[in-house]
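This report refers to the structure that appears directly beneath it.
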Amino acid sequence: MSGPTMPLHVRPATPADLEAAARVYTLARPGNPATAQRLHHEDAAQQAAGAYHRRWLALAGDDVVGAAELLEPLGSRHSADAGGVFWMELAVLEDWRGRGLATRLFRTLLQDLQTQRPRTLKAILSEANPIAMRFAQTRGFHEAERFWDRTLDLSTFEASRHAAVIPAGISFLNLHEFRAQHPAPLSALHTLYEEARLDLPRAPGETFQPLPESATDAWLSALQPELVTLAVSADSPPRPLALAALEPSGGPGELVVSMTGVARAERGRGMARAVKVASMLAARAAGWHTIRTTNHSTNLPMLRVNDALGFGREPARLGMIREWPA
């Protein structure tokens, strides 16, 4: 149901609204789908970490036609103190744009944010969406980061070209297999997870914030064990040296990269490429046909790996930042 005379309003979202919010994000962000399950796990992780998080919906009558959210990113903080860094998401269905709903959602989000003493607010937008870019720029945002969305068709992936990239003495296990072979799998994976996160590119003003083991547990709990591939040593128990985690995007036969990481001591050996190849072969054998990923423009090692594996580049997404004075 739609029409220009329908009453439009914004209200806080509830846990019962996850399907509706995911639908809006999926339809409004081509190539960047969402699922209710993923939103549920992300919400749970925010709550477990005690991090700030709010979501709102825009409605036309009873129909959800827009969504926005505000959150403190897990594992990052402002370089000047322990708080003040926030990320946002805002989406309105195409048929309902131009009616002031994005402005209503942003005004609601901004009023809420002002109670949290913000330092920076980040939104990630596609350069292929000039309307969203103008919306952000006229509200004080400027470009601070650039990301490349990338896609690989598994049906055309030539595994034989990469057979020689596996370092000697390395084998591969999925998460279920690793848990069965290691007496303290969570502790071992937390160490690897934190080392991988430590060197992720961050926006200006953001710095690394260590996360507790419970955060790693929450992240792993949201993943399907057979879609998490680990490169492990020949030790007993095996040491996790690198990981490649995939998750369903919500699109038919499509996966997105949740994380790829390599222990610091193992870098420079081709480990990232090797574990990604193993994860891709496992995904193809399980019937998946597409993998999507996003690379920060300054993450040159991973850009090179994905270039070598055949990931194509799509229009960039831009990290747009609005700043507040200290």
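To the nearest 10, the accessible area of His142 is 80 Å² with a 1.4 Å probe.
Around the amide H of Ser233, modelled in the peptide plane, lie the amide H atoms of Arg239, Leu241, all under 5 Å away and 5 or more residues distant in sequence or on another chain.
Residue ranking by accessible heavy-atom surface, 1.4 Å probe, largest first, among Glu69, Glu158, Glu127, Glu89 comes out as Glu158, Glu127, Glu89, Glu69. Listed values for the range 11-23 are Karplus-derived 3J(HN,Hα) couplings in whole Hz (6.51 cos²θ - 1.76 cosθ + 1.60, θ = phi - 60°), namely 9, x, 7, 10, x, 6, 9, 4, 4, 5, 5, 4, 4, and x replaces Gly and Pro. Distance from the C-alpha centroid of the range 221-249 to that of the range 178-192: 10 Å, rounded to the whole angstrom.
The residues of the chain expose on average 47 square angstrom of accessible surface per residue, using a 1.4 Å probe on protein heavy atoms. For the Cα atoms of the chain, what angle does the longest principal axis make with the long axis of helix 271-285, in degrees from 0 to 90, nearest 10? Compared with the principal axis, the helix lies near 80 degrees. If you take the Cα centroid of the range 299-326 and the Cα centroid of the range 1-55, the two points sit 24 Å apart. Using the Cβ atoms and a cut-off under 11 Å, what net charge is assigned to the surroundings of Arg139, where Lys and Arg are +1 and Asp and Glu are -1? That works out to +3. Overall, the accessible surface of the chain at a probe of 1.4 angstrom is composed of carbon and sulfur to the extent of 53 percent.
Note: relative contact order over the chain, using C-alpha pairs below 8 Å and six or more positions apart, is 22 percent. A 1.4 Å probe over all protein chains sorts Phe147, Phe172 by accessible area into Phe172, Phe147, starting with the largest.
Taking all protein chains as shown and a probe of 1.4 angstrom, Leu211 keeps an accessible surface of around 30 Å².
Each Lys or Arg adds one and each Asp or Glu takes one away; over the other residues whose Cβ falls under 11 Å from the Cβ of Ala20, this sums to -2.
For Ile291, Ile131, what's the largest-to-smallest order of accessible area, 1.4 Å probe? Kindly include the intermediate steps, with their values, before the conclusion.
On the way: Ile291 0, Ile131 115 Å².
The residues order as Ile131, Ile291, largest area first.
Could you tell me which of rounded, prolate or oblate describes the range 1-155, using a ≥ b ≥ c as the square roots of the eigenvalues of the alpha-carbon gyration tensor, with rounded for a/c under 1.5 and, failing that, prolate when a/b is larger than b/c and oblate otherwise? Rounded, since a/c falls under 1.5. The sum of -39500 (n - 2.57) across all DSSP H runs of n ≥ 4, divided by the residue count of the chain, sets its helix-only mean residue ellipticity at 222 nm to -9500 deg cm²/dmol. Label positions at Thr138 and Arg107, each projected 7 Å from the Cα along the C-beta direction, are separated by 1.4 nm. Accessible area per residue was computed with a 1.4 Å probe on protein heavy atoms; Ser221 scores about 70 Å². For the range 171-326, rounded, prolate or oblate, judged on the Cα gyration tensor with a ≥ b ≥ c (square roots of eigenvalues), a/c < 1.5 rounded, else prolate if a/b > b/c? Verdict is oblate for the range 171-326. One entry in [x] 49, 46, 37; [y] 65, 44, 34; [z] 58, 45, 38 is Cα extents along the principal axes in Å calculated from the shown coordinates; its label is [y].
Amide H contacts of Gln224: none lie under 5 Å away among residues 5 or more positions distant or on a separate chain (H built 1.01 Å from N in the peptide plane; Pro and chain starts excluded).
The values are calculated or read from the model by the stated rules, or taken from the named source; none is laboratory data. Predicted model, so just to flag it, every value in this text is computed and none were measured. Glycine also receives a Cβ, built like all others from the backbone with ideal geometry; neighbour counts cover every protein chain displayed. Note: accessible area is taken over every heavy atom of the protein model, side chains too, but ligands, DNA and RNA are not part of it. Shrake-Rupley method; radii C 1.70, N 1.55, O 1.52, S 1.80 Å.
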